[in-house]
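A short reminder: the numbers here are calculations on the coordinates, not readings from a lab. For clarity, every value in this text was computed on a predicted model and none was experimentally measured. No Cβ is skipped: glycine too gets one built from the backbone with ideal geometry, and neighbour counts run over all protein chains shown.
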Amino acid sequence: MKTDVFIAGGGVGGLALAVKLASRGVHVTVVEQLAKKSSAYKGELLQPKTLAILDTLNVLAETEANGHVIDQLRFLEVERQAHDHPNEIQLTELNYSRVASKYDHSLMVPHETTKDILREKGAAYAEHFNYLAGTRFLGFENGMAKVRQKKSIQYIEADVYVGAEGRSSPTREAMNVRVKRRDYNHHFLTVTIPRPSDFTKGKMVTTADQFLGLFPLPDQQVRTVYLIKAGTFKQIKERGLPYLYQAYSELEPELSEGVRAIQDWKAVQLMIPFTYHVDSYYRGNLALIGDAAHTVHPMAGEGMNLAIQDADVLGELLAWCREQGEPFHKHLHYYEDVRKPRVEFLLNISHLSALVYSLPYQWWRNIRRRAMQRMYDDDELHVKQMLNISGLGKWNFTLVDRAIQGSILPARSKKVSDRKQQQFLFSEAEDYPWRTLQKGKV
Ligand SMILES: Cc1cc2nc3c(=O)[nH]c(=O)nc-3n(C[C@H](O)[C@H](O)[C@H](O)COP(=O)(O)OP(=O)(O)OC[C@H]3O[C@@H](n4cnc5c(N)ncnc54)[C@H](O)[C@@H]3O)c2cc1C
């Protein structure tokens, strides 16, 4: 079998890439090992840049119709009281509306719904979109992709092979790249439960030693993420579900009914955060996107966004090569040039966000409270944080920023103008730098 671009893995990254390429007349073959939907929890938060990309793929309206808008993140510090409402001691609200873009919110969408929408869009370009479910990519043989569907082995020949297989990636192995991994002192329990209809804001509820993240989904559900010490899941399970009921109820009383919908520990998934980042995104005519290339700590909700953003840049590049009659492999370095530093930047932001909740001490909580309050009081810090996590731009934190956050310097009273902020939004030339090259001069 022959195709222009072979994509191993039909997750959000692989599908977004396939839709973009098929829509531009580049033939893609996606092989996905799963024959049906997965029930595993995965990322659900779509950041503003991802919404902008889904808009260019003409699937934004449908995605919005299936999502719950998050326009604000609330950080609530509380003191837990046994069998009673917690004492609220600090509330900080960070707003997506501080980002100077029409994509001024994020969206919670069930992971499999996002994949369904992308897959259906791909199928609309039937001539260029070949999706093979229940087909496992095994590795390369004689320069071709070797895949297994049921018991039959096939070889697929392509101009470019993209590894979008997620964390365990045969393409990454074939590329022989170096991977730097980092582990954490905490794990998460994650489970979706019912929520009251007026529970609509994204919320992080914390004590000195506890963290409960709450992200409303459509259909009056809420994705919950509860931090535990690494290696303690077994002990927590032994305490029984009432332990979880009590912890949730005392941290967020509005969910005390919803949490009781959990009737079996099987509904609760253990999430072990770790990060890695490959040293190279391409070799010859092989490239990696999404979790095959990097995994971020989930605290900043970036995992699936980075995958879709990788797909956007690589897809644009490969489509441009086709349109210009340029060999694909010759220009793959542009993909790495654009994406690697941005991913490194967000890996770092996610890591710092994780550290903020990693130390279970009162003195650490005091530092965190001050820093959060400063992020709200100082508009430049607020704008930088929201712009950076949105993926729409990059505005580095400076030493002065950190001194303000650490209360060494006073907060600035000046508001950041949209004009100033726009200097830090990614321009088309920054997203797709090869477009300025002229044919024959590359
Ligand atoms: C338990 C868990 C919880 C997470 N929670 C969050 C979160 O809250 N927020 C967030 O933003 N991110 C979260 N993530 C990360 C997020 O899901 C990923 O970053 C995102 O899905 C990456 O997309 P991807 O397309 O690169 O890989 P994946 O979504 O992993 O997709 C890879 C696809 O490739 C298929 N595949 C794998 N190997 C092969 C093969 N050999 N042949 C054929 N097909 C293959 C897989 O079946 C899968 O469908 C979580 C991840 C996990 C594992």
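Which one of Phe137, Leu118, His83 has its Cα pushed farthest toward the positive end of the charge dipole of the stretch 68-216, where Lys and Arg give +1 and Asp and Glu give -1 at the Cβ?
Phe137
Taking Cα pairs under 8 Å and at least six residues apart, what relative contact order does the stretch 148-233 come out at, in percent? Write down the numbers at each step before the final one.
Values: 92 pairs, mean separation 22.5, N = 86.
It rounds to 26 percent for the stretch 148-233.
Assuming 0.36 nm per residue, please report the length gained on full extension of the stretch Leu409 to Ser97 beyond their Cα-Cα distance.
Residue separation times 0.36 nm, minus the Cα-Cα distance, leaves 109.7 nm.
Determine the relative contact order of the chain: mean sequence separation of Cα pairs under 8 Å and six or more apart, normalised by residue count, in whole percent.
It rounds to 19 percent for the chain.
Write down, largest first, the equivalent ellipsoid semi-axes of the stretch 132-239 in whole Å, where each equals the square root of 5 times an eigenvalue of the alpha-carbon gyration tensor.
Result for the stretch 132-239: semi-axes of 41, 20, 14 Å.
Taking the Cα atoms of the stretch 360-422, what is the range of coordinates along each of the three principal axes, in descending order and whole Å?
So the three principal-axis extents are 39, 24, 18 Å.
DSSP beta bridges in the chain, what fraction antiparallel, as a percent rounded to 5?
70 percent
Show that you can apply the helix-only estimate: for the chain, add -39,500 (n - 2.57) for every DSSP H stretch of four or more residues, divide by all residues, and state [θ] at 222 nm to the nearest 500.
-10500 deg cm²/dmol
With r defined as the distance between the Cβ atoms of Arg402 and Ser427 and R0 fixed at 35 Å, what FRET efficiency is calculated, to the nearest 0.05?
Calculated value: 0.80.
I'd like the distance between the alpha-carbon centres of the stretch 173-246 and the stretch 360-436, rounded to an integer number of Å.
Using only Cα atoms, the two centres lie 26 Å from each other.
Please arrange Ile53, Ile70, Ile272 by how many other C-beta atoms lie within 10 Å of their C-beta, fewest to most.
Ile272, Ile70, Ile53
Based on the alpha-carbon gyration tensor of the chain, what equivalent-ellipsoid semi-axes (square roots of 5 times the eigenvalues) come out, in whole Å, largest first? Each step should come with its number before you reach the end.
Working: eigenvalues 288, 142, 73 Å².
They are 38, 27, 19 Å, listed from largest to smallest.
Full extension from Ala123 to Asp219: what is 0.36 nm times the residue separation minus their Cα-Cα distance, to one decimal in nm?
Working: separation 96, 0.36 × 96 = 34.56 nm, distance 2.69 nm.
Extra length from Ala123 to Asp219 when fully extended: 31.9 nm.
Based on other C-beta atoms within 10 Å, arrange Thr92, Thr436, Thr295 from fewest to most.
Listing Thr92, Thr436, Thr295 from fewest to most nearby Cβ atoms yields Thr436, Thr92, Thr295.
Could you tell me what a quarter of the Cα convex hull surface of the stretch 70-211 works out to, in nm² with one decimal place?
If I average the Cα hull's projected area over directions, I get 15.3 nm².
Please compute the length gained on full extension between Arg239 and Asp377, using 0.36 nm multiplied by the number of residues separating them and subtracting their Cα-Cα distance. All intermediate terms of the calculation are to be shown ahead of the outcome.
Details: separation 138, 0.36 × 138 = 49.68 nm, distance 4.15 nm.
Extra length from Arg239 to Asp377 when fully extended: 45.5 nm.
Between Arg283 and Ile153, what FRET efficiency comes out of the Förster formula 1/(1 + (r/R0)^6) with R0 = 25 Å and r the beta carbon distance, rounded to 0.05?
Values: r = 24 Å, r/R0 = 0.97.
According to the calculation, E is roughly 0.55.
Can you compute the charge dipole magnitude of the chain about its Cα centre, using +1 on each Lys and Arg Cβ and -1 on each Asp and Glu Cβ, nothing else charged? Give it in debye, rounded to the nearest 20.
Here the chain has a charge dipole of around 960 debye.
Can you sort Lys237, Lys151 from fewest to most other Cβ atoms within 10 Å of each residue's own Cβ?
Lys151, Lys237
Mind giving me the nanometre distance, one decimal, between the label points for Ala65 and Arg24, set 7 Å out from Cα along Cα→Cβ?
Each label point is offset 7 Å from its Cα along the Cβ direction, giving 2.7 nm.
Return an integer: the convex hull volume of the alpha-carbon atoms of the stretch 185-300, in Å³ per residue.
139 Å³
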